[in-house]
Amino acid sequence: MASSNITIQCWKCGTTLRNLLLPFSRYEECSTCNADLHACISCKYYAPNLADSCSEDRAESVQDNEKANFCDFFKVSPKACGKKDEATATAAKASLAELFGEETEPVAKA
Ligand SMILES: [Zn+2]
């Protein structure tokens, strides 16, 4: 009998999630960060470069790619982690550093 479970990496925190049951539940979430796993970003059809972020034409457009969706075409991508554009991540880091003034020494609190 074919195995009906899957091991994936959380798209958000990268935690390895073992033995998740297929078909994937809409309520499936990461045990570490509680990210929704039945979400576009964790789907193999997710295509951030497309207008509706989906390479499956027949799928309905989903507003929030990081929230659980009701898409009938959802197919989990086992390695969704790090799918977000590297450049975006770097830019986000840079703006965070700016926000927290990373160039200054941390102020020691008494
Ligand atoms: Zn996670």
Practice task
Any chance you could count how many residues in region 7-22 are surrounded by 11 or more Cβ atoms within 10 Å (Cβ to Cβ) and modelled with pLDDT under 90?
Solution key: 1
Completion exercise
Among residues of region 4-22 being hydroxyl-bearing (Ser, Thr, Tyr) and over 17 Å from GLU66 (Cβ atoms), the residue nearest to the ligand (Cβ to nearest atom) is THR16
Exercise for the section: Evaluate the following for ALA51: is it crowded, with 17+ Cβ neighbours inside 10 Å and modelled with pLDDT of 70 or more? Expected result: no
Practice task
Quick one: in region 23-44, of everything that is away from the ligand (no atom under 12 Å from the Cβ) and buried (at least 20 other Cβ atoms within 10 Å of the Cβ), which residue is nearest to VAL62 (Cα to Cα)?
Solution key: CYS40
Practice task
Would you check if there is a residue in region 85-96 being modelled with pLDDT under 95, out of contact with any Leu (no Cβ under 8 Å at 6 or more places or on another chain) and either assigned to a loop (DSSP other than H, G, I, E, B) or under 25 Å from ASN5 (Cα atoms) (or both)?
Solution key: yes
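The values are calculated or read from the model by the stated rules, or taken from the named source; none is laboratory data. Because the structure is predicted, anything quoted here is derived from the model rather than measured. Every residue, glycine among them, receives a Cβ derived from its backbone with ideal geometry; neighbour counts consider all protein chains shown.
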